[in-house]
Every structure is written in C-alpha cells, then in structure tokens.
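> This is the structure, below, for whatever I ask next.
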Amino acid sequence: MDRMNPLDASFLYLENGVTHMHVGSCAIFEGPTPPYDELLRAFGAKLPLVPRYRQRVRFVPFDLGRPVWVDDPHFNLEYHVRHSALPRPGTGAELERLMGRVMSQELDRNRPLWEAWVVEGLEGGKWALISKVHHCMIDGVSGVDLVMVMLDQTREPTPPAMDDWDPEPEPSSLRLAADAVSSLLTSPREQARAVRSVLRQPREALRRARVLTTGLHNFGTALRPTPPTTVDGSIGPHRRWTSARTTLDDVRAVRQAFGGTVNDVVLTAIASGLRDLILSRDEDPSEVTLRSLVPVSMRSADAHGVYDNRVSAIFFDLPVDIADPIERLAAVRAEMARLKESHEPEAGEVLTSLAGTFPALTAQATRLAVRLMTRMPQRSMNTVTTNVPGPPMALYAGGREMLEYLPFVPLGPGVRVGVAILSYHGGISFGVTGDFDTVPDVQVVGRGIERAMVELVRLADGEPDETIDLTATRSTEGVA
C-alpha cells in the first residue's frame, strides 16, 4: 500500500466527468504493424519495471487521508492494451479525430489508471500507439521516464525482467481509515521536528522565508482575473486534438539569431498560434490577456524513475497582442527572465505541501472549487502550456522505430485550449487540445505554430518577412 503525495491526489479530486485528468501521447511507428499478441507480450515483459501499472486507487473513508495505491488482484493486460484501426489509408486528420475521441473518455477508477491503443492502417504502412495515463500517476518528466522503460532503445527487444508478481491482499476500509488516522497523529511530531531543524539554521531560514514571501506575493498577483475572451470559459466532456511540428535545429537557429532559450522560442510560436485563433474569431488581440499556466519541474536528479508528480507552476501572460515575431520573442524573453526571479515555483510547492496537512479539507475544497468553476468559470488562467524534454535517442517497439512522439495535455476548469510541447530525437512536436464544443477551429492553433516557426527561421536566416503559405509546408490530411 502506497499513499499518494498531495499533488497526485489533487489530480484525482479535480476530475468530475467534464474535466478529465489524464495525460497522453500519440507515437507513430514505421511499419509493418507487429501482431497484437507480440505487442501484448512486449508490454507484459515490462510490467515488473513499472509496479504502478498493476495497481489501482483506493480512497480512504471520509477522506481521512490521501488515496492509496494497492495491487489489483484482477489485473488483465488485455483490458489495458487495446487494438484498433483506421479505414485505409488512415490520414493524419483521421488519427487526430481518433485521438480526440480516446482522450474524451475518463479512465476506469476500478482498474489501474492507464490504457494503450495500438492503431493500424496509417498512410505509408505506419501504425500508432496512443498512450493514456492518469495525471495522479505521472507528471511530464516521469511520463518520459515511463516511455523509455516501456519501449526499447535498440531494434532488438530488451529481455524480459524477472516477474514473480503476486498481488498483495487488498486492505479493508477499516484498515485504510486506521492507517490514515495514524498518519494524522504522526504529522504534528514530524512538523515539530522540522521546526527544530529550521531553528538550528536561522540565517538559511530567513533567506527561505524571504524567497517564499516574494513568491507568494507574486503568485497572488499573477492570479488576478483577465478580461473575457472566447478562448476561455466553460467546457464540455469531449475533446479535439491536433498537432504541429518543427525541429530542434530550427529552434536553435532562431535562438542563436535573436537570443533566448529553446523554451522562449517555442512559447513565442505558441503565442503566435493563439494570436491566429483570436484573430480568426474577429477579436482584437490588443484587448486580450491570455495567461498560461506553465508547469515547472521540481524533480531532483535522483528522483527519475519515480512515478509521481513533482511540479510547481508559473503564470505567464502570452504576448498575443504583439504582431511582429521578433518583438514577440523579445517580450517572451523579458517575461521569462522576470518570472525566474519571482520565486513563484517555490511558493506553489509550499502551498501544495501545506494542502497535504489537511487531507479531508483539501479533498472537499478542491471538489467544491471544481463545481463552482463549472458554473462560474475562473478567469485567472486562460490556457496551459507544458514543455517536456523527451528522449534524445530513437526508441523502438517490436523492432519498429518510433518516428514521431506527439503529446496530449488535459484541460482544467475554464480552460478551452492547451498546448503540450515534447522533444524527441531531433524533432519538437506540439499537441494542441481543444474543447470539442467551443474550439472546433483547434487546427488554427496548430497551423499558426508551424507558420510562426517557418517565419522565425526565415528571419533568422536574414530573409525578408513575407506572408507564409503554410500549405507548402504541411498538410493536415497526412502524417509526416
């Protein structure tokens, strides 16, 4: 039995039938498609390396403690590894529609919280693997760690690990409650021990207090409401999804020409894509404040391979009001530099840890907040933008190389569109999630991101700024 940390638990509490809290990806492989039984054996061979894949969630009675992971005595691999196909030839647009449908369905909480869909029939003899894992199990970094475990780093499959798994008996509700009460009684002693440790280092304690005070102040300031726009508001249970692509070499070329980081360049491209969406809806970008939640990893180097959430966040106002691409990049650079001194991630981490001190109150408060935001959408955060470094080397499944690795980000309450960024083997992909009912034009964002990158690369090469015809660089009807 393994208890969730406070952030893991919050992703369960946020889910309400409309707000789905699973993350995911769509990996495209070279053909031919391996037989289903072969892939099933490959997944089964990796299960000993990921114990969480054979565990399910149990809630503690009366929310006396955070939920726990327990072994699933009825685990069935064939339930989790599913087989599907697109009508041949399966186009990129058809794969994106399937991805949207799969991601519109919540995971069954009575089973381990993951699914993998093997999809045959893509153009060019390719096939796809759609992965879906609940956010309470992984964050972006641990999700990449998980993929590197489940896939192979050579064409020759990794020998299976020893598997002597025998599920532990499920704890009774009485035991769950008793264990939670015991943890609550232990908590004050642990807090007193932490206080004594702080008092032994007063100078360091004062420094941390100043950092947290600054961070909490900036955190509160960043959450001020924004003017209403069609990009945010209430959402339904269904999702649309599209993708965009660039290369790490192109991003580096822009960075070398105009300064900044890789993250600055991709955020600039996303701001451009969202600006295109705003313009296409006849809204004035100069009157729009588009604030994005940007997750920040707080994972230490020795915590890789641990499947949980260790993230905080900053709140970033995307410069959608700036038309010039170079000026837009400069604005992103300046804002990110300011945020690095804001100490917002440290403040967010402290708030999350404090929430773990009062599990019942936190659970009920989170569920209440979600219900309220469903009826009266929040305007403190308009979108989400998450950037995760992916595997730098090629990965394989069944001896077939993974050609592309496309991410999916869930939508929170009041957020109608979000973008995930993921690097893989020299490429960078963007996965754009939209609410099905209110963002039927989600492809505008994807095309706008690619258009922005083409434009920035052209300017970095010293070529004149021109109107870019994106149909020459990408077709939404094909898988690159």
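The values are calculated or read from the model by the stated rules, or taken from the named source; none is laboratory data. Computed from a predicted model, the values in this text were never measured in an experiment. When we count neighbours, we look across all protein chains shown, and the Cβ atoms used for this are built from the backbone with ideal geometry, even at glycine. Surface areas here come from the heavy atoms of the whole protein model, side chains and all, with no ligands, DNA or RNA. Shrake-Rupley method; radii C 1.70, N 1.55, O 1.52, S 1.80 Å.
> Go through the range 380-396 and count every residue that is open to solvent by 10 Å² or more (accessible area, probe 1.4 Å) and out of contact with any His (no Cβ under 9 Å at 6 or more places or on another chain). If you could, list the steps in order and put the result at the bottom.
The first filter runs over the range 380-396 and keeps only residues open to solvent by 10 Å² or more (accessible area, probe 1.4 Å), leaving 380-381, 384, 386-390, 392-394, 396.
From the residues that got through so far, the ones that are out of contact with any His (no Cβ under 9 Å at 6 or more places or on another chain) too are 380-381, 384, 386-389, 396.
Going through the range 380-396 one residue at a time, the tally reaches 8.
> Which members of the range 118-150 meet the condition of being touching a His at 6+ places or on another chain (Cβ under 8 Å), open to solvent by 10 Å² or more (accessible area, probe 1.4 Å) and of a type outside the set (D, E, K, R)?
135, 141
> I'd like to know if the range 359-369 contains one or more residues that are open to solvent by less than 10 Å² (accessible area, probe 1.4 Å) and modelled with pLDDT of 90 or more.
Looking through the range 359-369, none of the residues is open to solvent by less than 10 Å² (accessible area, probe 1.4 Å) and modelled with pLDDT of 90 or more.
> Restricting to the range 81-99, and then to whatever is among the small types (Gly, Ala, Ser) and open to solvent by 20 Å² or more (accessible area, probe 1.4 Å), can you tell me which residue is nearest to residue 59 (Cα to Cα)? Give the derivation first.
Narrowing the range 81-99 to residues among the small types (Gly, Ala, Ser): 84-85, 90, 92-93.
Those still in the list that are open to solvent by 20 Å² or more (accessible area, probe 1.4 Å) too: 84-85.
Numbers: 84: 32, 85: 36 Å.
Looking at residues that are among the small types (Gly, Ala, Ser) and open to solvent by 20 Å² or more (accessible area, probe 1.4 Å), I get 84.
> Among (1) modelled with pLDDT under 95; (2) among the hydroxyl-bearing types (Ser, Thr, Tyr); (3) in a helix (DSSP H, G or I), where does residue 19 come up short?
With respect to (1) modelled with pLDDT under 95; (2) among the hydroxyl-bearing types (Ser, Thr, Tyr); (3) in a helix (DSSP H, G or I), residue 19 is out only on (3).
> Still on this structure, please answer the following. Which numbered condition in (1) touching a His at 6+ places or on another chain (Cβ under 8 Å); (2) loosely packed, with under 15 Cβ neighbours inside 10 Å is the only one that residue 78 fails?
Single failed check for residue 78: (1).
> Restricting to the range 391-443, name every residue that is at pLDDT below 95 and on the phi > 0 side of the Ramachandran plot.
Answer for the range 391-443, where residues must be at pLDDT below 95 and on the phi > 0 side of the Ramachandran plot: 398, 399, 414.
> For the range 296-327, which residues satisfy the criterion of being more than 30 Å from residue 283 (Cβ to Cβ), crowded, with 18+ Cβ neighbours inside 10 Å and of a type in the set (A, V, I, L, M)?
298, 311
> How many residues, within the range 229-259, are open to solvent by 30 Å² or more (accessible area, probe 1.4 Å) and of a type outside the set (A, V, I, L, M)?
Going through the range 229-259 one residue at a time, the tally reaches 13.
> Give the range 22-49 a look and list any residue that's crowded, with 20+ Cβ neighbours inside 10 Å, over 17 Å from the mean Cα position of the chain (by Cα) and outside any helix (DSSP H, G or I), or say none.
28, 29, 33, listed by residue number.
> Next up: Can you tell which of 70, 57, 102 is farther than 30 Å from residue 242 by Cβ, crowded, with 20+ Cβ neighbours inside 10 Å and of a type in the set (A, V, I, L, M)? Before the answer, list the steps.
On the way: 70 fails: crowded, with 20+ Cβ neighbours inside 10 Å; 102 fails: farther than 30 Å from residue 242 by Cβ.
Testing whether each residue is farther than 30 Å from residue 242 by Cβ, crowded, with 20+ Cβ neighbours inside 10 Å and of a type in the set (A, V, I, L, M) leaves just 57.
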